[in-house]
Each structure stands twice: as structure tokens, then as C-alpha cells.
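Undergrad: Please find one structure pasted underneath; my questions will follow.
The values are calculated or read from the model by the stated rules, or taken from the named source; none is laboratory data. Remember, predicted model here, so these are calculated numbers, not experimental data. Positions of Cβ are generated from backbone atoms using ideal geometry, with glycine treated the same way; all protein chains shown enter the neighbour counts.
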Amino acid sequence: MLENERAWRRAIEQTWVARFPKQHLATFGSTNISYYVVTEPIYLDDDSRKQEGVVRTGRVIAERPAIVTPTYAMNLQGFSSDAYEYFQAVALQAGPNSPGLLYQYKNESGNTEIVSGAASEIANRISGNLEKKKEDMAVVMVGVDQLWDVALLKFIYEFTSSSLFGNIQDLKGRGLLEPQESLGGVPRAAVEQIDRLFKEVDEGATPEILKRELDRWGLFDFYQDRFLDLFRRR
């Protein structure tokens, strides 16, 4: 095992969440989560009698979960070759239009502060203050100083996993995962998104985004006449 891998595995083992947000990820909108990551400073050694903690704050913004399929994911950029092989395997096993959810996050770092006390005590203090202020969408974590962002990633993974079932049930309840057989079996959410983009282009938006979305879903042939009609009307 590589040294870097050993380091982050140790960091994960030593990372824990002192306080979770009170709500799950929103299904039909973005979610804004304040975070507090508490760590023991790297400069403190085992013989040090001084107890201090580093508190890093910021916000994680989770975009509205997007419905995707293996076909759609294969046309997205930014994934590793291993990820694309995984998408192909899913397509072979579950079908090219089997729906799934894609979660996207943005981290906005805030302040870093040195606070007196042990890391666990500081985390509990912050948690108590958040409870008093009724800050429902805030998380408090204890992690490792050099790899503090591992704590953040671990939380994101666990929070996403705990929200997944509820998000899927919400989407099913609105029929957004239903396959549209007349369009090759893509989920209804894709058809509604494409209809919205057609309307936006008709009102003056650039057609490039619409064309890219049609290509990602493999639907250009189905919509070709309607797409070209946009230019005829102009």
C-alpha cells in the first residue's frame, strides 16, 4: 500500500462527525451546509501540555441532484477512465437508460481559527452552540490536521448515502424516473429538461446547451426536426 493511501486511510479512521445536519439533501433544489472541521494542530507533540485545536469553517453547496443514465454519464467530461469503464459495466448489466442520481458539490472555504481545548471538547462546544441557535444545516467534524479535507469528503459521502433513498422516493413520486418508451426509454425527467431547454432557446437562449443535452442523452435523432425548426423560425 502506498504511503499516501496509508495516510488518508488513517485519516478516515480517525475522523468522526460530532453533529450531523438535521435535514437531508433537498431533492428539488440546492442545499447549503455550513461546516466546522476541528483538528489537533500538527505542531503539537505527545509531550505537549498545551491543548489547542484548529477550527476550519466554510460551506458545502450541494446542487440539485441530477437524474442520469449510463448513456448520459458516458458523455460527461471529467471522469477517470476507470469511471467510464464502470458506466459501461452498469449499462451492460442494468441497461443503458437505467436511471441514477448525480450529486455535485462546491466547497467554499471560510476562516481558520486556533481555539483552546482538546479537539473533541471544541467540537462538542460548537455543536452545543449550533443547537442553541437552531442551525439545522450545519455539521461539526473532528479530523486530522494535514488531511482535514478528508473529514469533509467522508461527511459528504455519508450525507449523500443517507439522503439517496429519500431523494429517489421523491422523484418516483413525481414520475420523473418513468422510462419514456417512445424516446428509447430515457427517464421522464430528461424529456422535461429538454422541453425546458427548447422553450429557453425559443425565447432567445443559445442552442448550444440544448444540442449538448440532446447528444448526452442520445436523443438528437428523435428531436432533429424540432431542433432545426428553431432556426427556420428565426
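Undergrad: Does any residue of segment 114-123 turn out to be at pLDDT 95 or above, out of contact with any Leu (no Cβ under 7 Å at 6 or more places or on another chain) and buried (at least 17 other Cβ atoms within 10 Å of the Cβ)?
TA: For segment 114-123, residues at pLDDT 95 or above, out of contact with any Leu (no Cβ under 7 Å at 6 or more places or on another chain) and buried (at least 17 other Cβ atoms within 10 Å of the Cβ): present.
Undergrad: Going through P41, P99 one at a time, which residue ends up being under 30 Å from E213 (Cα atoms) and in contact with a strand residue (DSSP E or B) (Cβ under 8 Å, 6 or more places away or on another chain)?
TA: Working: P41 fails: under 30 Å from E213 (Cα atoms).
Answer to the check: P99.
Undergrad: Can you go through L152, L214 and tell me which one is among the hydrophobic types (A, V, I, L, M, F, W, C), under 25 Å from F28 (Cα atoms), at pLDDT 95 or above and out of contact with any Asp or Glu (no Cβ under 7 Å at 6 or more places or on another chain)?
TA: Working: L152 fails: at pLDDT 95 or above.
The match here is L214.
Undergrad: Give me the pairs: first residue in segment 160-188 and farther than 28 Å from I33 by Cα and without any contact (Cβ under 8 Å) to a residue 12 or more places away in the chain, second residue of a type outside the set (G, A, S) and buried (at least 16 other Cβ atoms within 10 Å of the Cβ), beta-carbon distance under 7 Å, and six or more apart or on different chains, which are they?
TA: Sorted first by the residue in segment 160-188, then by its partner, the pairs are E178/P187; E178/R188; Q180/V186; Q180/R188; Q180/V191.
Undergrad: Okay, next question. Which residues, taken from segment 1-16, are part of a loop (DSSP other than H, G, I, E, B) and without any contact (Cβ under 8 Å) to a residue 12 or more places away in the chain?
TA: We begin by selecting, within segment 1-16, every residue part of a loop (DSSP other than H, G, I, E, B); these are 1-2, 14-15.
M1, L2 - these are the residues of segment 1-16 that are part of a loop (DSSP other than H, G, I, E, B) and without any contact (Cβ under 8 Å) to a residue 12 or more places away in the chain.
Undergrad: Here is a follow-up. Restricting to segment 17-68, name every residue that is polar (S, T, N, Q), assigned to a loop (DSSP other than H, G, I, E, B) and at pLDDT 95 or above.
TA: Of segment 17-68, the ones polar (S, T, N, Q) are 23, 27, 30-32, 34, 39, 48, 51, 57.
Filter once more, keeping what is assigned to a loop (DSSP other than H, G, I, E, B): 23, 27, 30, 48, 51.
Of everything in segment 17-68, those that are polar (S, T, N, Q), assigned to a loop (DSSP other than H, G, I, E, B) and at pLDDT 95 or above turn out to be T27, S30.
Undergrad: May I ask you to list the residues in segment 128-148 that are buried (at least 17 other Cβ atoms within 10 Å of the Cβ) and in a helix (DSSP H, G or I)?
TA: L130, D145, L147, W148, listed by residue number.
Undergrad: To continue, here is another question. Restricting to segment 93-127, what's the tally of residues that are of a type in the set (A, V, I, L, M), under 30 Å from V68 (Cα atoms) and assigned to a strand (DSSP E or B)? Don't jump to the end; show me each part of the working.
TA: Residues of segment 93-127 of a type in the set (A, V, I, L, M): 94, 101-102, 114-115, 118-119, 122-123, 126.
Okay, now just the ones that are also under 30 Å from V68 (Cα atoms), so 94, 101-102.
Those left that are additionally assigned to a strand (DSSP E or B): 101-102.
Final tally of qualifying residues: 2.
Undergrad: Taking the condition of being part of a helix (DSSP H, G or I), closer than 20 Å to T71 by Cβ and touching a residue at least 24 places away in the same chain (Cβ under 8 Å), how many residues in segment 199-225 meet it?
TA: Residues that pass the stated criteria total 5.
Undergrad: Quick one: in segment 132-184, of everything that is of a type in the set (S, T, N, Q) and touching a strand residue (DSSP E or B) at 6+ places or on another chain (Cβ under 9 Å), which residue is nearest to Y105 (Cα to Cα)?
TA: Of all residues in segment 132-184, those of a type in the set (S, T, N, Q) come to 146, 160-163, 167, 169, 180, 182.
Cutting the leftovers down to touching a strand residue (DSSP E or B) at 6+ places or on another chain (Cβ under 9 Å) gives us 146, 160, 163, 167, 180.
Numbers: Q146: 22, T160: 10, S163: 14, N167: 16, Q180: 29 Å.
Ranking the qualifying residues of segment 132-184, first place goes to T160.
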